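Trainee: Mind having a look at this structure? Questions to follow.
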Amino acid sequence: MSAISDTLVLGRRDLTDQAAFEGLDHIPVAAEEPAACNVLAVGGDIVASGTYRSHRMLERLGFRVHPVDLSEFLLADGGATCLALIASGTPQRSRSNASAGGLGADAGQAS
């Protein structure tokens, strides 16, 4: 199952019918397409491992689905969300990194 937005989830009906997801909209994924559940939503863009019926529903809702060949990761039960690194906050430039000539958060910007 994957969160598409604050109010929308993509997943199998047996998972999304639980009380924890009450009040959320959901797009059902067929049992024979389990890999369709594993997508990475970034704003209006969806990174997906292939093209599935449920992804067409996302497109009808205005999302842009980008199918990517993740077949090798799927073999290890991985997918788009497994390959993501979520960062938040304000990047800080380390003094030791800057003095060593390393790249900081503002590398390439004029002082």
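The values are calculated or read from the model by the stated rules, or taken from the named source; none is laboratory data. Nothing here was measured: the structure is a model prediction, and the numbers come from that model. So basically every Cβ, Gly included, is an ideal-geometry build from the backbone, and we count neighbours across all protein chains shown.
Trainee: Anything in the range 4-17 that is modelled with pLDDT of 90 or more and of a type in the set (A, V, I, L, M, F, W, C)? List them, or say none.
Mentor: Passing the criteria: Ile4, Leu8, Val9, Leu10.
Trainee: Shifting gears a bit: What helices (runs of 4 or more DSSP H), lying completely within the range 18-111, carry at least 2 residues that are modelled with pLDDT of 80 or more?
Mentor: Because the criterion is at least 2 residues that are modelled with pLDDT of 80 or more, the helices (runs of 4 or more DSSP H) in the range 18-111 that meet it are 53-60.
Trainee: Follow-up. Restricting the search to the range 37-53, which residues are farther than 12 Å from Val9 by Cα, in contact with a Gly (Cβ under 8 Å, 6 or more places away or on another chain) and crowded, with 21+ Cβ neighbours inside 10 Å?
Mentor: Residue satisfying the conditions is Ser49 alone.
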